[in-house]
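Trainee: Structure below; questions to follow.
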């Protein structure tokens, strides 16, 4: 009887010590090491890839924003997010796609409407956009609905409208787009892209100095 109690107590003691050691290693030491390395080597990414303007955080380079006026570059549609009171320009919480098949009549109509709007909004005196010029990312949302980037083709399509709205030369706005176009990751992964938030912040700074 005494041996049984002694063995049980020994096993419980060993289990408790193992629990304490594992808690210390995996629950305290490991997280602190990983956090320390991330803060030291990848400070910006570890803190959400924040973008600042005028000394304030205005968003993340990883999350797109909606609601820009036509004075600025427009991002991809966020059709999958629907209409709600949770997502705001600087605080996007909900994420999602439309989940509509490519041949769905609702999606087809959404794309047609979006293409018509892009043509209308970006056609300015001396420059007319045709439906064939509108790239896919201008009329479709990403899987998350929060894509922060657009294609260089969509950015280029908006140049004349942005230049006219802000009384800038087309050449200056084209250079702005070129300066904010990122190539493929590692030279071969993905496609060239333009971060809309970063581009619009640069545009705002350009208009201040013009």
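Trainee: Quickly run through segment 52-106 and pick out the residues that are farther than 14 Å from residue 148 by Cβ, at pLDDT 70 or above and outside any loop (DSSP other than H, G, I, E, B).
Mentor: 52, 53, 56, 57, 105, 106 - these are the residues of segment 52-106 that are farther than 14 Å from residue 148 by Cβ, at pLDDT 70 or above and outside any loop (DSSP other than H, G, I, E, B).
Trainee: For segment 155-173, which residues satisfy the criterion of being without any contact (Cβ under 8 Å) to a residue 24 or more places away in the chain and within 11 Å of residue 73 (Cα to Cα)?
Mentor: Residues satisfying the conditions are 156, 159, 163.
Trainee: Are any of the residues in segment 174-183 exposed (fewer than 15 other Cβ atoms within 10 Å of the Cβ), part of a helix (DSSP H, G or I) and without any contact (Cβ under 8 Å) to a residue 12 or more places away in the chain?
Mentor: In the first step, residues of segment 174-183 are kept if they are exposed (fewer than 15 other Cβ atoms within 10 Å of the Cβ); the result is 175, 178-179, 182-183.
Narrowing further to those that are part of a helix (DSSP H, G or I): 175, 178-179.
Then keep just the ones that are without any contact (Cβ under 8 Å) to a residue 12 or more places away in the chain; that gives 175, 178.
Yes, some residue in segment 174-183 is exposed (fewer than 15 other Cβ atoms within 10 Å of the Cβ), part of a helix (DSSP H, G or I) and without any contact (Cβ under 8 Å) to a residue 12 or more places away in the chain.
Trainee: Another question, if that's okay. Conditions first: (1) surrounded by 15 or more Cβ atoms within 10 Å (Cβ to Cβ); (2) at pLDDT 95 or above; (3) out of contact with any strand residue (DSSP E or B) (no Cβ under 6 Å at 6 or more places or on another chain). Residue 155 passes all but one, so which condition is the exception?
Mentor: Unmet condition: (3).
Trainee: Could you grab me the full set of residues in segment 54-65 that are touching a strand residue (DSSP E or B) at 6+ places or on another chain (Cβ under 9 Å) and closer than 10 Å to residue 197 by Cα? Reasoning before the result, please.
Mentor: Taking segment 54-65 first, the residues touching a strand residue (DSSP E or B) at 6+ places or on another chain (Cβ under 9 Å) are 57-61, 64-65.
Within segment 54-65, 58, 59, 60, 61, 64, 65 qualify.
Trainee: Filtering segment 119-146 down to residues that are over 19 Å from residue 72 (Cβ atoms) and touching a residue at least 40 places away in the same chain (Cβ under 8 Å), which residue is surrounded by the fewest Cβ atoms within 10 Å (Cβ to Cβ)?
Mentor: 143
The values are calculated or read from the model by the stated rules, or taken from the named source; none is laboratory data. Because the structure is a prediction, the values reported are computed rather than measured. Methodologically, a virtual Cβ is constructed for each residue, glycine included, from the backbone with ideal geometry; neighbour enumeration extends over all protein chains shown.
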